[in-house]
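Inspection log for the structure reproduced underneath, given as structure tokens.
All of the numbers you see were taken from the coordinates with simple rules; none came from a lab. Everything numeric here is computed off the predicted structure, so don't read it as measured data. Note that each Cβ is placed from the backbone with ideal geometry, even for glycine, and that neighbours are counted across all protein chains shown.
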Amino acid sequence: MVMEEVELVRAACCVAGVDGEVTERERAVLQRLAERAGIGAASLKAMMDLAKTDEHFRDDQLEMVHADPAKSFETLYRVARIEREVPREECDLLIRFGHKLGLDLDAMNGVIKRVHGE
């Protein structure tokens, strides 16, 4: 479970950083996720830096089988929508990660609708 949480934090860093920057609001959410997973500040910074610059790092995320794929996708989607405008790069990466989690577009859209209905 802990490794699954760490992998999810790395993926969340990728969603936040794929557009080349991690905003303060994104950083605050990533920090809370990292604390919950037991990830220190230096490791989180390294993850964010890699997420912004290393396409291979982004490609290597979400290789584990997640116990609750919809919940994992929801976490990533919430990171993406921290900013009002979700950049195209983040949308594309979310879809890729959703597929890696074993979700089809209908399942991903269901998660998105549920989040917006809260």
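Each residue of region 51-58 is assigned a 3J(HN,Hα), and the resulting list reads 4, 6, 10, 10, 4, 5, 4, 5 Hz, derived from the Karplus form 6.51 cos²θ - 1.76 cosθ + 1.60 (θ = phi - 60°), x at Gly and Pro. Per-residue 3J(HN,Hα) values for region 65-70, derived from phi via the Karplus relation 6.51 cos²θ - 1.76 cosθ + 1.60 with θ = phi - 60°, read 7, 9, 4, 9, x, 5 Hz in sequence order (x marks Gly and Pro). Given the alternatives (1) 17.2; (2) 14.5; (3) 14.0, Kirkwood radius over Cα pairs in Å as computed for this entry is given by (3). Here the Gaussian network model covers the chain, with springs between Cα atoms less than 10 Å apart; of 15, 79, 65, 65 fluctuates the most.
With a 10 Å Cβ neighbour count serving as the proxy for reagent exposure, in which order, fewest first, do 52, 113, 71, 45 appear?
Details: 52 18, 113 9, 71 12, 45 15.
With the fewest neighbours first, 52, 113, 71, 45 line up as 113, 71, 45, 52.
Largest GNM mean-square fluctuation across 42, 11, 80, computed for the chain with C-alpha springs under 10 Å, falls on 42. Just checking the listed ones, 85, 26, 35: in the Gaussian network model of the chain with Cα springs under 10 Å, the one fluctuating most is 85.
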